[in-house]
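Trainee: Below you will find the structure I want to go over with you.
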Amino acid sequence: MTSSTSSSLKQSLGELLGVARGLMADEELTDSEIRFLSEWLEQRYTMTSSFPGNIIHQRIKDVLEDGVITEEERSHLVDTLNLLIDDRLEDLAEQVDLTELWFDEVGLIEFDKARFCLTGNFVFGPREVCKTAIEQRGGIVKPAVGDEIQFLVVGSLGVDEWRTGGLGTEIERAMRLRATGKKVKIIPEDSWAALL
């Protein structure tokens, strides 16, 4: 990452975090505030074409798509904004580079009987919603990475351990298994969601 790209990323993060902090100051997120954030992001292509603006933008589009904002959707969006507010700019900027190092390319996934593990925080929805989406297609979701896991799906909103500089337990396990010749693939949420 060049210094100008890094500087631009930090400025973009700073603006988004400022708006997120303002919206979450009263610890509530109303329908009108969600629509405001959607319109605000729509006017900022540069911000929505990079992390974390692209994540927030896509999540809001998903929430507004059917015209009804459920309490589960609102709660997930509040959690998403709070994750961003709680992180430091430097940590978030480093995540962009870090994740590119260990994601695998995947073609078509045959979900039937394929074994998955989920880690991190997902734009798609709470982890239980992601699990259900896999199971509805015949896949099996395990709570932890082991020899039998074929796919470790990493949520686009990151893994809690990233805040303290760690990769995360499941990612570390998957990388150790790969080092011993196991075929586990580590894939980002967006690649997984595109194959659903």
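Trainee: Can you find a residue in the stretch 19-34 that is modelled with pLDDT under 90, under 20 Å from residue 120 (Cα atoms) and either touching a helix residue (DSSP H, G or I) at 6+ places or on another chain (Cβ under 9 Å) or in the same structural domain as residue 188 (by TED's automatic domain parsing) (or both)?
Mentor: no
Trainee: Still on this structure, please answer the following. I want to confirm something. Restricting to the stretch 43-88 and keeping residues that are outside any helix (DSSP H, G or I) and more than 17 Å from the chain's Cα centre (by Cα), which single residue is modelled with the lowest pLDDT?
Mentor: So, considering only residues that are outside any helix (DSSP H, G or I) and more than 17 Å from the chain's Cα centre (by Cα), the one modelled with the lowest pLDDT is 44.
Trainee: Residues being surrounded by 14 or more Cβ atoms within 10 Å (Cβ to Cβ), modelled with pLDDT under 90 and either of a type in the set (S, T, N, Q) or closer than 14 Å to residue 114 by Cβ (or both): count how many of those fall in the stretch 126-168.
Mentor: Result for the stretch 126-168: 1.
Trainee: Kindly establish whether residue 15 is part of a helix (DSSP H, G or I) and touching a helix residue (DSSP H, G or I) at 6+ places or on another chain (Cβ under 9 Å).
Mentor: yes
The values are calculated or read from the model by the stated rules, or taken from the named source; none is laboratory data. Nothing here was measured: the structure is a model prediction, and the numbers come from that model. Please note: Cβ atoms are built from the backbone with ideal geometry, for glycine as well, and neighbour counts cover all protein chains shown.
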